Structures are given as C-alpha cells and as structure tokens.
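Undergrad: My questions all concern the structure below.
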Amino acid sequence: MKHALLFLFAILLVSCQEEKPLTPQEMVLGNWSALDTTTSFYSRIRFGDNRGFEFFPDSIFEDKFGFLSNRLYSIDSVNDPYNRYLRYFGTESKYALSKDSLRLFNPATQKWSSYKVEKLTPDTLIIATNVKDERGGTFIKKTYNTDTIPDFDAIYFYSSPCFGYCPVVMLLIKSNGDVLYMGGNNVKHDGFNRSKISKEEFNRIQEKFKRADYMNLKEVYSATTAHTPHVNIYFIKDNKVVKTIEDRGAEVDVPYELVWAYFPLQRIEQQLDMKKLEIPDDIAKEFKLDTDNKDILFYLDAGMGFDFLTRLSENL
C-alpha cells in the first residue's frame, strides 16, 4: 500500500510539472517574417517581400519597416518646392489580440486595423490579407543567437536617390551616442546636422544588424531593377572599417534582417532632435565643396561621404 501511494504521488507530481499549453498571447510573442508574396505590386516595389513583425508582452509591436504617411510634406515650399518627404512615425505601435482577431494601431493614420487570424501556432502565423494596408499573409517565427557576433563602435550609412521620394542621406552613429547627419533630397532636415541618441538606442540598432549576422553577409547585393536606392553601410571597430555592405536594390537574395536593420536609418532624422551646423571652411576646402550649394550630397559618393563625416566628427 505504501509503495502504491508513493507511485501515485510521483504520477501526480509529474503531471503537475507538465507544461501548460501556450495561450495565443504567448504564442504571438517574438519575431515573425513573411513567407509568401501575396502583397500588391506597389507594396513589393516599396518594401520587397521582406515584411515582418515583432510582438512584445506589453501590447507593443514592431512593424519592421515602420509607418509612413501617405502625403508629402515640404521643408520649404517657397524656396525649395521639389524637396518633399514622407513623414515617418517609427516602427513601434500598439496591438491587441483576442481569440482569432488581431488589431494593429497605425500611428500614421491614427486608426486601428482589424485582421482575422486564420492560424496561430508557436512557429506559424497566418493573417487574412487586409487590402487597405496589406500587412496580412503567412509568417514564420524567427529566433536569433547574437552572443557570438562581434559588436561595432560606430556605423556609417549612405542612401542614394531613387525613382521616387527616397531620402538621400549620409549618417554616422557612434556608440557614445553622437549622430552626424547630412540630408539631401526628400528629408525633413537638410544640410549638416548633429544629434544624440541613448546607449540603449545604439544597442537596439546594433542588435538588429547582429541578427542579420552582418560580418558574414556578402559585400554587394545587386538589383535587377533601378527603381530603388543604393545603400552603403560601413561597420567600424577601433577606428577601423571592419565590414562594408552595399545593397543595390533590397531584392531577392538580401536577408530580411539586413533590410529591417537599415530601413529605419533612412528616416531616423525624423525621430531625433537635430541641430543644424555649419561646415567648417577648411573641411569644405579639403573636399572641394561649395557650402552655398544645397545639393552637397550630389558631389559626395558613399566613400567620400564616409571620409567627410569622419573628418567632421574629428573637428567637433
């Protein structure tokens, strides 16, 4: 009898320790990347098929490309009427999940959108396509181990013009929070600007590139079309460039995570408090630049832009 009771107690103990089934609110947490190509031609032109989400426990989610307005704004409609930009509202917003319904808040429109969740498991999420903003589709769960991927001390980012309203920018971000920025066309802040980010914000930028395993990516990704901007990224460690990546179109073989990491940098200036600065005469002379010309970026390619911002950072 004693042995029978002990056996029964052991069974009860094991059953109590069995894992409880995950709730939908628990299953949805984490990173999700698109598996299908059900979006419209316009959406593919704008984002490729690299859509993705990350859901957090506090009812906050990240749209990997963020939220853009549907109308154009101008920084100076009188003197520079062709320099227009799309307002950017960042990548994070609010969500609500109940039963088979997913609601996402779009800060650009200040409206909630509702989606039917057709399937949700720990590794698969199928959302019925909503033709109004096209965030539906089939998604798979992605996990990352970035512990062994090296850190970097600074990152340089350059984005060229395109057939549209792509921001033309040069950007140098350091781990101490210093941000140096040159804005060309289709931006809110043009010219030479300076700003600051927190250590946490720099770490979030770095983590996104580490999820892309940036050190093991190809140096050049070539596009098959010419409608998208060329992007150049330099990673700096101990004052040396340790890796460069050029994306000539964000298409086909470009890892999702790389595009997710750099896309917000194109419009990061709209998220920061920018202070406009003058370019010192000696540096302008060194690079043979006419500081009275608004289109300075026209004369600086990606490599020259890196040297230019590096010199400016040394001068501050």
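Undergrad: With a ≥ b ≥ c taken as the square roots of the eigenvalues of the C-alpha gyration tensor of the range 169-267, please select rounded if a/c is under 1.5 and otherwise prolate if a/b is larger than b/c or oblate if it is not?
TA: oblate
Undergrad: State the answer as a single residue: which of Val187, Tyr144, Ser69 lies farthest towards the positive end of the charge dipole of the chain, with beta carbon charges of +1 for Lys and Arg and -1 for Asp and Glu, about the Cα centre.
TA: Going by the charge dipole, the pick is Ser69.
Undergrad: A further question on this structure: Keeping the other protein chains in place, figure out the carbon and sulfur percent of the accessible area of the chain, with a 1.4 Å probe.
TA: Taking all protein chains in place, the chain shows 53 percent carbon and sulfur surface.
Undergrad: Next question. How much solvent-accessible surface does Arg194 expose, in Å² to the nearest 10, with a 1.4 Å probe and all protein chains in place?
TA: Roll a 1.4 Å probe over it and Arg194 shows about 90 Å².
Undergrad: Now for a different question. Return the loop-located trypsin sites (Lys or Arg not before Pro) in the range 89-191 (DSSP other than H, G, I, E, B) with at most 11 other Cβ atoms within 10 Å of their own Cβ; answer none if there are none.
TA: Passing both the DSSP loop test and the Cβ count: Lys99, Lys132.
Undergrad: While we're here: Rounded, prolate or oblate: pick one for the range 71-197, where a ≥ b ≥ c are the square roots of the eigenvalues of its C-alpha gyration tensor, a/c under 1.5 means rounded, and failing that, prolate if a/b is larger than b/c, else oblate.
TA: The shape class here is oblate.
Undergrad: Further, regarding this structure: Using a cut-off of 21 Å between alpha-carbon atoms, which lysines can reach Lys237, once sequence neighbours fewer than 8 places away in the same chain are excluded?
TA: Lys174, Lys196, Lys199, Lys208, Lys210, Lys218
Undergrad: Let me ask something additional. The chain: longest stretch without exposed GluC sites (Glu not before Pro) (DSSP loop, at most 11 other Cβ within 10 Å), sites themselves excluded?
TA: Looking at the chain, 20-218 is the longest stretch - no exposed GluC sites (Glu not before Pro) with at most 11 other Cβ atoms within 10 Å.
Undergrad: Tell me whether the chain comes out rounded, prolate or oblate; compute the Cα gyration tensor, take square roots of the eigenvalues as a ≥ b ≥ c, and use a/c under 1.5 as the rounded threshold.
TA: prolate
Undergrad: Roughly how many debye, to the nearest 20, is the charge dipole of the range 165-255 about its Cα centre, given +1 on each Lys and Arg Cβ, -1 on each Asp and Glu Cβ, and no other charges?
TA: 320
Undergrad: Roughly how many Å² of Thr23 are accessible to a 1.4 Å probe, to the nearest 10?
TA: 60
The values are calculated or read from the model by the stated rules, or taken from the named source; none is laboratory data. Note that this is a predicted model, so its numbers are computed, not measured. Glycine gets a Cβ as well: all are built from the backbone with ideal geometry, and neighbour counts include every protein chain shown. The protein model used for the area step is the full one, side chains on, heavy atoms only, and it has no ligands, DNA or RNA in it. Shrake-Rupley method; radii C 1.70, N 1.55, O 1.52, S 1.80 Å.
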